[in-house]
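These notes are about the structure you will find just below.
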Amino acid sequence: MHTLTYDNGSENVEHVYINQVLGTQSYFCNPYHSWEKGTVENTNSIIRRYLPKKTDFATITTVQIRTIERLMNNRPRKCLGYKTPLEVFSSIVALTG
């Protein structure tokens, strides 16, 4: 990974530090240009299938979150050559271990 693309939210104020740690370069999306971060928008839409808008997150259990996490990590993605995030992660960890 050489670059990271961020939203303009305050949660990304540490992007310079993250770049130093990961050896990456930051880019920021233009406001209201969701197509500039397609994978993020696609992932959000998948999450919304499990947790629709107006969901009260105070009622979501840890078990439910882990179930959604497992389902998403085992879902093939076009951007990963139809591999699952778990397959890609496991292959990278195995190479560095």
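For ILE60, are the conditions met, namely being farther than 25 Å from ILE92 by Cα, modelled with pLDDT of 90 or more and either small (Gly, Ala, Ser) or surrounded by 10 or more Cβ atoms within 10 Å (Cβ to Cβ) (or both)?
yes
Quick one: what pairs do we get from the stretch 1-13, first residue aromatic (Phe, Trp, Tyr), second outside any loop (DSSP other than H, G, I, E, B), C-beta under 7 Å, 6+ apart or different chains?
Note: pairs meeting the criteria are TYR6/ASN12; TYR6/HIS15; TYR6/SER26; TYR6/PHE28.
Being free of Cβ contacts under 8 Å to residues at least 24 places away in the same chain, surrounded by 10 or more Cβ atoms within 10 Å (Cβ to Cβ) and within 21 Å of LEU4 (Cα to Cα) is the filter here; which residues of the stretch 43-57 pass it?
ASN44
Any residue in the stretch 68-76 that is under 20 Å from MET1 (Cα atoms) and touching a residue at least 12 places away in the same chain (Cβ under 8 Å)?
Checking the stretch 68-76: at least one residue is under 20 Å from MET1 (Cα atoms) and touching a residue at least 12 places away in the same chain (Cβ under 8 Å).
Name the single residue, out of those in the stretch 76-86 being modelled with pLDDT under 95 and among the charged types (D, E, K, R), that is farthest from the chain's Cα centre (by Cα).
LYS78
Could you please let me know if THR39 is in contact with a helix residue (DSSP H, G or I) (Cβ under 6 Å, 6 or more places away or on another chain), surrounded by 12 or more Cβ atoms within 10 Å (Cβ to Cβ) and of a type in the set (Ser, Thr, Tyr)? Give the steps one after another, and end with the answer.
Numbers: in contact with a helix residue (DSSP H, G or I) (Cβ under 6 Å, 6 or more places away or on another chain): yes; surrounded by 12 or more Cβ atoms within 10 Å (Cβ to Cβ): yes; of a type in the set (Ser, Thr, Tyr): yes.
Judged against the criteria, THR39 is a match.
Go through (1) more than 15 Å from the chain's Cα centre (by Cα); (2) surrounded by 12 or more Cβ atoms within 10 Å (Cβ to Cβ); (3) more than 26 Å from THR84 (Cα to Cα) one by one and return the number of the condition THR24 breaks.
Unmet for THR24, out of (1) more than 15 Å from the chain's Cα centre (by Cα); (2) surrounded by 12 or more Cβ atoms within 10 Å (Cβ to Cβ); (3) more than 26 Å from THR84 (Cα to Cα): (3).
The values are calculated or read from the model by the stated rules, or taken from the named source; none is laboratory data. Small disclaimer: the values here were computed from a predicted structure and weren't measured. Please note: Cβ atoms are built from the backbone with ideal geometry, for glycine as well, and neighbour counts cover all protein chains shown.
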